[in-house]
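Since the structure comes first, as structure tokens, the remarks are kept for the end.
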Amino acid sequence: MGITKTSVTVFLVIMLTISFSYCNVVAESVIEPEKYGPCTFICDNRRDNFACFSDCLSDIYPDGGHCVGNPARCCCIRK
């Protein structure tokens, strides 16, 4: 048939590369773990920094919270 090991190997490498490029592997953004407590919800137009600050104040975090990271999440500030 004329198919060599090299051409099969190249084909498999190309297929693996294409399949891995579609994987949605997102490295978690580095958030300073010692500064922030729990991250509760993803911030958007409806849930912004003010909503985040208010939610964290209502949950025993006197310094409130704000949206950090990518995608932005509401994280409460530890003392």
With the checklist (1) outside any helix (DSSP H, G or I); (2) of a type outside the set (S, T, N, Q); (3) at pLDDT 85 or above in hand, flag the one item PHE53 doesn't pass.
(1)
Kindly evaluate ILE60 against the criterion of being out of contact with any Ser or Thr (no Cβ under 7 Å at 6 or more places or on another chain), at pLDDT below 90 and at positive phi.
yes
Single match in CYS67, CYS74, CYS39 (criterion: surrounded by 13 or more Cβ atoms within 10 Å (Cβ to Cβ), modelled with pLDDT under 90 and within 17 Å of the chain's Cα centre (by Cα))
CYS39
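The values are calculated or read from the model by the stated rules, or taken from the named source; none is laboratory data. Bear in mind that the values here come from a model prediction, so they are computed numbers and not experimental data. Using ideal geometry, Cβ is built from the backbone for each residue, glycine included, and neighbour counts are taken over all protein chains shown.
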